[in-house]
Structures are given as C-alpha cells and as structure tokens.
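Nothing in this text is a laboratory measurement; each read-out follows from the coordinates by a stated rule. In this text the structure is predicted, and so the values were computed from the model without any measurement. All Cβ positions, even for glycine, are placed from backbone atoms using ideal geometry, and neighbour counts span all protein chains on display.
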Amino acid sequence: MDPLDTHLSGLQAALPEFRTLASATLPRWGELLARHLGTGGRLLVAGNGGSAAEAQHLAAELVGRLRDERQPLSAIALTPDSSAITAISNDYGYEEVFARQVRAHGRPGDVLMLMSTSGRSPNLVAAAHAAREAGVRTWALTGQKPNPLSRACDETLACPSPDSQVVQELHLVSVHLLCEYVDLALPMVVDALEEALAR
C-alpha cells in the first residue's frame, strides 16, 4: 500500500475514538486552564523529541495567541533551555531534567502537561512525581493506555493509535483545541475577576 494511503488510513481509523475522548476532556481542561492562567497561574509543559516541539508550540500559543487578541498567559516549556537541560543532565542524570525544573518553577495549584507518544519516558514520569510533591496538577497527552505516564498523572488524554506518528498528530490537534477552549472560557474568567475587584 502507498505510504500516503497507509498513513491517512491510520489517522482516519483513530479519529472517531479520539473525538469521543477529546470531547470528554479538552473542554474541561480548557476551562480549568483559563481559570488558572487568567488569574495569574502558570502552565509548565514538557516532552521529548517531537513532543518537545509540541510542548513549545503549546506554550507559544498561550503566551502569544491562537486567533483573537487577548492577554498573554503564563506557559513555560521546559525543553528549550539548553543550558539548564545540559547542566541538570550532567549533574543529576537525564531522568531528572524536567523534574528539577518542575521543582524550581512549579507552585501549588499550577498545571504540568506532559506529552509522550509512548507514555514510557522515565524523565516525564519523574517530572509527574515531582509535580505531585509540589502540589502541581498533572495532565498527560500519551498514546494508548496503559502506560507509566498515565498512571503517574492526575488525568490523561490517551490517543487511540499504535502508530506514534498518528499519536503525535493527534497531540497537535489536542494542542490547538485546548487553546481554542481556553480562549472560549477566558472572557468569563476576566469578567468574573473584574466584577470581584469592583466590589
């Protein structure tokens, strides 16, 4: 079979179940994130390889904007700082590369999103454990369950495909949809905050 047909067939096969899982998760995550970020909270986000690029993409959309003009929101990707990554890896081992940054930047009530096509990356599992110790809420975007990362996190959106490329593409869809839901909920958060300040 042609690679194009194979790839698109795999993506098409995953979409119905993904739609069901995403509709039960992403609107709620978007509302929670809008409430948290809209009142000064912070999102931390991390992944390895292609998922590192997805993590940076999510942070960029929140600090910048997806579509319409709005306030900048605090989102920090833990992947781009090469000095921190190499120093932590050298001193503590690569498994601690994100966990140590979570301990540094995470505050109680913040949110950590971890992205992994396999859900088996030890450094992401370690970050989830560090977040729990710091009182940081943990969400994961992974491939199929069961996997260690989904077990370590408070909530998981597990993309239903055995193909890591399809999973990564569904993660990108999830990033865009999450930002859409944040943007939908944010005006209500801002209005409520302004009303509270006016009292």
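Worth pointing out:
- Dividing the convex hull volume of the alpha carbon atoms of the range 24-67 by its residue count gives 86 Å³ per residue.
- The chain, Cα convex hull volume normalised per residue, Å³: 125
- Cα gyration tensor of the range 73-173 - equivalent ellipsoid semi-axes, whole Å, descending: 22, 15, 13
- Relative packing of 129-142, 20-33, which averages over residues the other C-beta atoms within 10 Å, highest first: 129-142, 20-33
- Packing rank of 159-168, 97-106, where each peptide gets the mean count of other beta carbons within 10 Å, highest leading: 97-106, 159-168
- Reciprocal mean inverse distance between Cα atoms of the range 47-109 - Kirkwood radius, Å: 12.9
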